[in-house]
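S.K.: Please read through the structure below; I'll follow up with questions.
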Amino acid sequence: MPVKSFFKSAAVIFVLSVLAFGFIAPAFAAEYTVFGPKSYTRSSGSPVTVTDNFSATAGSYVLRVYNGGLQDAPTELVSATEIYLNNVKVVAPNELNQNTPYLEKQVTLTASNTLKVEVRGKPGGSLVVKIVGVSAAPVLSVSVSPDSWPIGAIDPGTTIVMSDSQKITVTNDGNANENYSLKLVNPAGWQDSQTAVDSNTYILNAAFSSNPANIGWNESNHALSETDTLCSSAKFAGDQTGVNVAASAGRTLWFQFKAPASTKVTSQQTIEVIVTAQLP
């Protein structure tokens, strides 16, 4: 963010830029069960169709058939079985035999589902049916727009807040809810403060809010530092927070800059603000 500042008789230019990072914690796809595991056994007499009803979130799942069961000492394997899911045959008789201990099928579930299993073959044979889903591993990504704030020429000790046209939108580009944290990187020759400005010492406050009028600017809750600080209901908050931000959702980030009381720095200075996303 290009910032032109005049302190005493020296012209100073500093750039405030905002960087965004998605911190990806170790995370893996998670498997969850929506049906079973349930055992079906071939009894004596004619084969019997067993019907089960269950609910699930509509989507794609995996149906698993364990011929002989799940226990360490499997029972007699079945030689033929028919399995219907929502009146669609998903396992045919010729797909299971004494040489097929395991079978897996991609299936589609609706909110309400009906599973029909008919075990055939030699009495005493059994199998287990289980239906699982796999949730995608969380991907964390965050973007900022615009990524700079042109403050313009200001006097020593001046306090200035972003205008509406300069506000920054922080967007969750990932597929999971995110918490944000903020920190700054000091320019050479200047030092941040969380209490008061001084010679070569400035304050940079930040807050998420739909409107800057809803921010009660104060250093204890809004001043940035070089320590990465997690957003909360009080920290860096106006009428919005950087907490539990849903995928694709945006937050508006505002800055308040309090210029140093004085400075002899005449070269261009750069302040970076880093927005980091992490899992709640």
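The values are calculated or read from the model by the stated rules, or taken from the named source; none is laboratory data. None of the values given here were measured: they were computed from a predicted structure. Glycine gets a Cβ as well: all are built from the backbone with ideal geometry, and neighbour counts include every protein chain shown.
S.K.: Can you name every residue in region 255-273 that is modelled with pLDDT of 80 or more and under 26 Å from residue 181 (Cβ atoms)?
M.R.: Answer for region 255-273, where residues must be modelled with pLDDT of 80 or more and under 26 Å from residue 181 (Cβ atoms): 255, 256, 257, 258, 259, 260, 271, 272, 273.
S.K.: Quick check on my filter: what residues within region 49-96 are surrounded by 15 or more Cβ atoms within 10 Å (Cβ to Cβ), polar (S, T, N, Q) and assigned to a loop (DSSP other than H, G, I, E, B)?
M.R.: Answer for region 49-96, where residues must be surrounded by 15 or more Cβ atoms within 10 Å (Cβ to Cβ), polar (S, T, N, Q) and assigned to a loop (DSSP other than H, G, I, E, B): 75, 79.
S.K.: Residue 114: modelled with pLDDT under 95 and either assigned to a strand (DSSP E or B) or not hydrophobic (A, V, I, L, M, F, W, C) (or both), yes or no?
M.R.: Details: modelled with pLDDT under 95: no; either assigned to a strand (DSSP E or B) or not hydrophobic (A, V, I, L, M, F, W, C) (or both): yes.
Answer is no for this residue.
S.K.: Output the number of the condition that residue 174 fails; it satisfies all remaining conditions of (1) modelled with pLDDT of 90 or more; (2) crowded, with 19+ Cβ neighbours inside 10 Å; (3) not assigned by TED's automatic domain parsing to the domain that holds residue 58.
M.R.: Exception for residue 174: condition (1).
S.K.: What are the pairs with Cβ atoms under 6 angstrom where one residue, in region 151-176, is within 18 Å of residue 271 (Cβ to Cβ) and the other, located anywhere, is polar (S, T, N, Q)? Sequence gap at least six, or different chains.
M.R.: Here the result reads 154/5; 156/262; 161/256; 167/252, each pair linking region 151-176 to a residue that is polar (S, T, N, Q).
S.K.: Let me ask another. Go through region 215-233 residue by residue and tally those that are over 19 Å from residue 245 (Cα atoms) and exposed (fewer than 14 other Cβ atoms within 10 Å of the Cβ).
M.R.: Result for region 215-233: 5.
S.K.: Something else about it: Of all residues in region 127-141, which are modelled with pLDDT under 90 and surrounded by 16 or more Cβ atoms within 10 Å (Cβ to Cβ)?
M.R.: 138, 140, 141
S.K.: Since residue 210 meets every condition but one in (1) under 14 Å from residue 181 (Cβ atoms); (2) surrounded by fewer than 17 Cβ atoms within 10 Å (Cβ to Cβ); (3) in contact with a Gly (Cβ under 9 Å, 6 or more places away or on another chain), which condition does it not meet?
M.R.: Every listed condition holds for residue 210 apart from (1).
S.K.: Taking the condition of being surrounded by fewer than 17 Cβ atoms within 10 Å (Cβ to Cβ) and part of a strand (DSSP E or B), how many residues in region 251-269 meet it? Don't jump to the end; show me each part of the working.
M.R.: The first filter runs over region 251-269 and keeps only residues surrounded by fewer than 17 Cβ atoms within 10 Å (Cβ to Cβ), leaving 261-262, 264, 266-268.
Keeping just the survivors that are part of a strand (DSSP E or B) gives 262.
Counting residues in region 251-269 that are surrounded by fewer than 17 Cβ atoms within 10 Å (Cβ to Cβ) and part of a strand (DSSP E or B) gives 1.
S.K.: For the subset of region 177-207 comprising residues that are in a strand (DSSP E or B), touching a strand residue (DSSP E or B) at 6+ places or on another chain (Cβ under 7 Å) and surrounded by fewer than 16 Cβ atoms within 10 Å (Cβ to Cβ), which member is modelled with the lowest pLDDT?
M.R.: Start the filter on region 177-207 by keeping residues that are in a strand (DSSP E or B), which leaves 178-185, 191-192, 198-199, 201-207.
Add one more test, that the residue is touching a strand residue (DSSP E or B) at 6+ places or on another chain (Cβ under 7 Å), and what stays is 178-185, 191-192, 199, 201-207.
Now restrict to residues that are surrounded by fewer than 16 Cβ atoms within 10 Å (Cβ to Cβ): 185, 191, 199.
Values: 185: 90, 191: 94, 199: 93.
Ranking the qualifying residues of region 177-207, first place goes to 185.
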